[in-house]
Amino acid sequence: MKELREEFYGKLKDVKSVSDLDRLKAEFLGKKGKITARLRSLKDLPPMERRIWGKVLNDLKKELERVIREKREELLDELPSQDPTLPGTPWTYEVGALHPIKVVGGEILRVLENMGFEIGEGPEVETDENNFTLLNIPEWHPARDMQQSLYLDNGMLLRTHTSPFQIRYMSTHSPPLKAATFGKVFRADEFDATHSPVFHQIEGFAVDRNISLSSLKWVLEQIVKALFGEGSKVKFVPSYFPFTEPSMEVAVWYRGEWLEMLGCGMIHPQVLRNVGIDPDVWSGYAFGIGVERFAMVKYGIEDIRHFYENDKRFLDQFRYDRWI
Ligand code: PHE
């Protein structure tokens, strides 16, 4: 018992903090503590001895509890006093922010959602069928070339546009329908100021009984105005895509020149037939928006590579908290 007592006081000398003290308390008085264990083994002693040792042990226990209590107060007194009326610490770390592509893509999606488009998602790895064949892209079309598209060993490819989402959606939903998607597309392009092997598109389309070119023009004008303001100038230029007929490109007047921002058109009757929709009853429009293009025009960014290099000085300019 004497040794136990000496051991305790020896260790108490090394106690420098409240947590040291807690550890010491656990060692002697905790559930598996040295005193506790001995108290528990009292029951194995004959009654006479049990009474004597019981008293000695309990006295020691009380003594240690008191000493620990006193030591705790002493330690707490040493802590520097704190002033609870001081103002709190402001943000000492930076919060994250959305990437500008996500910001612009989100703005476009919101406009579409408000017009009743259902937002969906398609895979980045696509079949040749969905990416080309069912979109009426002929066997000989240059986009099918290995030089322009990124193929995988299993014959599938990284989608070259978001248009395969049209096929996926239209073959699983029946008209009238209206849907859109936002995602990455891949091309075997150079990486320079205006080209990137990965970029983002938003695909939107609608199929109904009386869809016409003017429905399409109206929707696209809403998107352009929502992003570039009521006063922005839009122009529709004839173009060609195998999956739309007629086809157009939309150009926006920006810093003294017309910039092509998206491709669109009336869904080709063959594409409708490919997904089991009767083109004599239904018609539709589709458009594919280049999100980087929109973001570049909106914010005056001259080099597409800025979007992927993640230079914090670039990204910081698009933080929501800087705008408020
Ligand atoms: N998929 C076309 C492209 O990537 C854009 C487009 C989409 C054109 C829908 C017409 C209709 O260039």
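Overview of values
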quantity	calculated
Descending principal axes extents, segment 217-277, alpha-carbon based, whole Å	43, 20, 11
Residue with peak Gaussian network fluctuation, the chain [Cα springs, cutoff 10 Å], from G88, G54, G231	G54
Euclidean distance of C-alpha centroids, segment 110-158 and segment 185-264, integer Å	17 Å
Rounded tilt (10° steps) of 47-78 against the dominant C-alpha axis of the chain	60 degrees
Nearest 10 degrees, 0 to 90: helix 213-228 Cα axis against the chain principal axis	40 degrees
Candidate lysines for bridging to K225, where Cα separation is under 22 Å - those fewer than 8 sequence places away on the same chain excluded	K102, K178, K217, K233, K235, K298
Long pairs among K32/K62; K34/K71; K2/K32; K184/K312; K16/K43, criterion Cα-Cα beyond 27 Å	K16/K43
Cβ-based net charge around H306, under 11 Å, with every Lys or Arg adding one and every Asp or Glu removing one	-3
Amide hydrogen neighbours beyond the local backbone of T244, cut-off 5 Å, H modeled	H268
nm² value of the averaged projected area, convex hull over the Cα atoms of segment 262-324	7.1 nm²
At 1.002 mPa s and 20 °C, Stokes D of segment 112-193 from Kirkwood alpha-carbon radius, µm² per second	155 µm²/s
Qualifying trypsin sites (Lys or Arg not before Pro) for segment 1-42 [loop in DSSP, other Cβ within 10 Å: at most 14]	K13, K16, K31, K32
DSSP-defined beta bridges in the chain - what % are antiparallel, rounded to 5	95 percent
Nearest-20 debye value, the chain charge dipole, Cβ charges on Lys, Arg, Asp, Glu	2320 debye
For the chain, with +1 on Lys and Arg beta carbons and -1 on Asp and Glu, the positive-most of V207, G122, L60 along the dipole	L60
Selection of GluC sites (Glu not before Pro), segment 178-257, meeting DSSP coil and at most 13 other Cβ within 10 Å	E190, E230
Descending semi-axes in whole angstrom, ellipsoid equivalent of the chain, from the Cα gyration tensor	75, 27, 19
Counted charge near Q148, where neighbours are those whose Cβ lies closer than 10 Å (Asp, Glu -1; Lys, Arg +1)	0
Chymotrypsin sites (Phe, Trp or Tyr not before Pro) restricted to DSSP loop in segment 99-151 with at most 10 other C-beta within 10 Å	W140
Over segment 2-78, equivalent-ellipsoid semi-axes from the Cα gyration tensor in Å	27, 11, 10
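Where a number appears in this text, it was derived from the coordinates with a stated rule and is not lab data. Predicted model only: the values in this text are computed from it and were never measured. Here the Cβ is made from the backbone with ideal geometry for all residues, glycine too, and neighbour counts use every protein chain on show.
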